[in-house]
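> Let me begin by handing over the structure; questions about it come next.
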Ligand SMILES: [Zn+2]
C-alpha cells in the first residue's frame, strides 16, 4: 500500500470519479474531453497502480455492457480525527470514505500536544491492527482542531483554547508514527462543513454555511462546492462580529461580540441571573439540584417544559444569532444554514428562534428558498469531514 505519483490528467480522472461517482470509460472520456484510446490508457494505469477498481458492468447503450470504474477502497487507510475542547472522535476509513471503525473518548486539549497526539496515534494503530493493517498502511489523516489554523501548513495561530499548541507541527509528529501518511489539519468548523457537504445535508448544494454554537460560535463556509478559508485561513469567524458596541468585553478584547453574548456560556449566565433575581422557580430549583450552577442544556430542557424565563433566554440568544446570520445571508445568499455544536442539542425552540429572526431580518429574495436546520450529521460531521478533507487533498491537482 503506497500512494503512486500520478500525472495531471490521471489526477483529474480520479477527481471526476470522486465527484461524480463510479462511471464507465466512455463517460470518463466525455467528462475529460479526451479520446477513447487516451482514457483506456489512463484507466489502465490507474487500475495497475491500485487507485481505481472495476466494480462490475453498467447498463448497455448498444453493444457490450461497459465495465464501471470506481475508486479502489483497498488502496490504503485514512483516519479522520475531530478534536473538541473536551473530547476526541476518531474514525478509520477506506479510500472510498466508508468508515470501518470508530472510537471516541474524553480528553482535555489544554494538555501538551505530544500527550494528546500520542494517544491519538496509539488509538489509530489499534484500529489498523483490527483491520489486519500496519502503521505504514495509513496513507491519509485528516484532523480538525478547535482553533484558528493556518492552512495548508496546519499550524494553529493564537488558539485561545490550546495556547501551548501555537507553532507546534502536528504534521511532523504524526508523520513520525505513520511514515507514508499525508496529513491535513484544519479548523474544526471547516471540517464539519466539509462533512455536511460530502455525506450530509449539503450534498448537491454549492453554497451553504455550517454554524457551530457551543462555548464559542464559528462558521464553515461552503462556496461553489468548496470550503472557503479566506486569504489567511480565518474566514467564518462570526463569533466576534459586534452586536452591541456598548456590550461586555469579550476575551478577544473587543466589546459586544456575538459569541460572548449569545453562545452556551452566555445562555447559562442569563439563566443564573434569572434564577438569582427570582424570575423563575424552575431555574432556582434546577440550580439547587445542580449544586449552584446552570448550563444551556438545563435552559433548553426547562424551555421545552414551558418555563417562561427559559423560553425568553433562548429567544434572546436566537435573536442575536439570527440577526448576525441575516446579515450573512444578505451578504452571501446561501442555500442552507446548518446549525451544529453542543448548544444545538438544547431543543427545537432554539432553532425556531434562530430561524424566525434570520428570516425576519434578511431580505425576501435571499430567504425565498433558504433552509435553516440543525446539522443532519450531528456529532458525526467532524470525523466525516476530516476523512473527506484528506481524501480530496491526496489526489488534488492544486495542493
Ligand atoms: Zn470577541
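The values are calculated or read from the model by the stated rules, or taken from the named source; none is laboratory data. Note that this is a predicted model, so its numbers are computed, not measured. Cβ atoms come from the backbone with ideal geometry, glycine included; neighbour counts cover every protein chain shown.
> Would you say residue 2 is at pLDDT below 95 and within 24 Å of residue 140 (Cβ to Cβ)?
yes
> Here is a follow-up. Collect the residues in segment 231-246 that are outside any loop (DSSP other than H, G, I, E, B), without any contact (Cβ under 8 Å) to a residue 60 or more places away in the chain and closer than 18 Å to residue 334 by Cα, keeping them in residue-number order.
In the first step, residues of segment 231-246 are kept if they are outside any loop (DSSP other than H, G, I, E, B); the result is 238-240, 242.
Imposing the further condition that a residue be without any contact (Cβ under 8 Å) to a residue 60 or more places away in the chain reduces the set to 239-240, 242.
Scanning segment 231-246 gives no hits.
> Name the one entry in 200, 236 that is in contact with a strand residue (DSSP E or B) (Cβ under 9 Å, 6 or more places away or on another chain) and at negative phi.
Every option except 200 fails the conditions.
> Additional query: Return yes when residue 251 is under 24 Å from residue 150 (Cβ atoms) and in contact (Cβ under 8 Å) with a residue 60 or more places away in the chain and no when it is not. Give the derivation first.
Details: under 24 Å from residue 150 (Cβ atoms): yes; in contact (Cβ under 8 Å) with a residue 60 or more places away in the chain: yes.
It is true that residue 251 is under 24 Å from residue 150 (Cβ atoms) and in contact (Cβ under 8 Å) with a residue 60 or more places away in the chain.
> So, in segment 6-27, of the ones that are without any contact (Cβ under 8 Å) to a residue 60 or more places away in the chain, over 23 Å from the mean Cα position of the chain (by Cα) and assigned to a loop (DSSP other than H, G, I, E, B), which residue ends up surrounded by the fewest Cβ atoms within 10 Å (Cβ to Cβ)?
Step one: filter segment 6-27 for residues without any contact (Cβ under 8 Å) to a residue 60 or more places away in the chain, giving 7, 9-10, 13, 16-17, 19-27.
Next cut, over 23 Å from the mean Cα position of the chain (by Cα) only: 7, 9-10, 13, 22-27.
From the residues that got through so far, the ones that are assigned to a loop (DSSP other than H, G, I, E, B) too are 7, 22.
On the way: 7: 10, 22: 17.
The extreme case among them is 7.
> Within segment 182-192, does at least one residue satisfy the condition of being away from the ligand (no atom under 16 Å from the Cβ) and closer than 19 Å to residue 354 by Cβ? Steps first, please.
If we filter segment 182-192 for residues that are away from the ligand (no atom under 16 Å from the Cβ), which is where we start, we get 182-188, 190-192.
Then keep just the ones that are closer than 19 Å to residue 354 by Cβ; that gives 192.
Within segment 182-192 (the criterion being away from the ligand (no atom under 16 Å from the Cβ) and closer than 19 Å to residue 354 by Cβ), the answer is yes, since at least one residue qualifies.
> I need the full set of residues from segment 208-230 which are under 21 Å from residue 378 (Cβ atoms), away from the ligand (no atom under 13 Å from the Cβ) and either in contact with a strand residue (DSSP E or B) (Cβ under 6 Å, 6 or more places away or on another chain) or not in a loop (DSSP other than H, G, I, E, B) (or both), in order please. Can you show your working first?
First, the residues of segment 208-230 that are under 21 Å from residue 378 (Cβ atoms): 208-222, 227.
When the remaining residues are screened for being away from the ligand (no atom under 13 Å from the Cβ), the result is 208-214, 219-222, 227.
208, 209, 210, 211, 212, 213, 219, 220, 221, 222, 227, listed by residue number.
> Sort out which residues of segment 231-257 are closer than 21 Å to residue 185 by Cα, surrounded by 17 or more Cβ atoms within 10 Å (Cβ to Cβ) and more than 10 Å from the ligand (Cβ to nearest atom), and write them in order of number.
233, 235, 236, 238
> Moving to a separate point now. Could you look through segment 177-200, keep only residues that are within 14 Å of the chain's Cα centre (by Cα) and part of a strand (DSSP E or B), and pick out the one that is nearest to residue 116 (Cα to Cα)?
Only one residue tops the list, namely 185.
> Can you tell me which of (1) surrounded by fewer than 17 Cβ atoms within 10 Å (Cβ to Cβ); (2) in contact with a helix residue (DSSP H, G or I) (Cβ under 6 Å, 6 or more places away or on another chain) is the one residue 361 doesn't meet?
The single condition residue 361 does not satisfy is (1).
> So residue 203 ticks every box in (1) in contact with a helix residue (DSSP H, G or I) (Cβ under 9 Å, 6 or more places away or on another chain); (2) outside any helix (DSSP H, G or I); (3) within 16 Å of the ligand (Cβ to nearest atom); (4) closer than 30 Å to residue 142 by Cβ but one. Which box is left unticked?
Only one criterion in (1) in contact with a helix residue (DSSP H, G or I) (Cβ under 9 Å, 6 or more places away or on another chain); (2) outside any helix (DSSP H, G or I); (3) within 16 Å of the ligand (Cβ to nearest atom); (4) closer than 30 Å to residue 142 by Cβ is unmet by residue 203, namely (3).
> Further question: Quick one: which residue in 266, 262, 271, 304 is more than 19 Å from residue 339 (Cα to Cα) and either in contact with a helix residue (DSSP H, G or I) (Cβ under 9 Å, 6 or more places away or on another chain) or within 16 Å of the ligand (Cβ to nearest atom) (or both)?
Going through 266, 262, 271, 304 in turn, just one is more than 19 Å from residue 339 (Cα to Cα) and either in contact with a helix residue (DSSP H, G or I) (Cβ under 9 Å, 6 or more places away or on another chain) or within 16 Å of the ligand (Cβ to nearest atom) (or both): 271.
> When you scan segment 124-169, how many residues do you find that are surrounded by fewer than 19 Cβ atoms within 10 Å (Cβ to Cβ), assigned to a helix (DSSP H, G or I) and touching a strand residue (DSSP E or B) at 6+ places or on another chain (Cβ under 7 Å)?
Looking only at that region, the number is 2.
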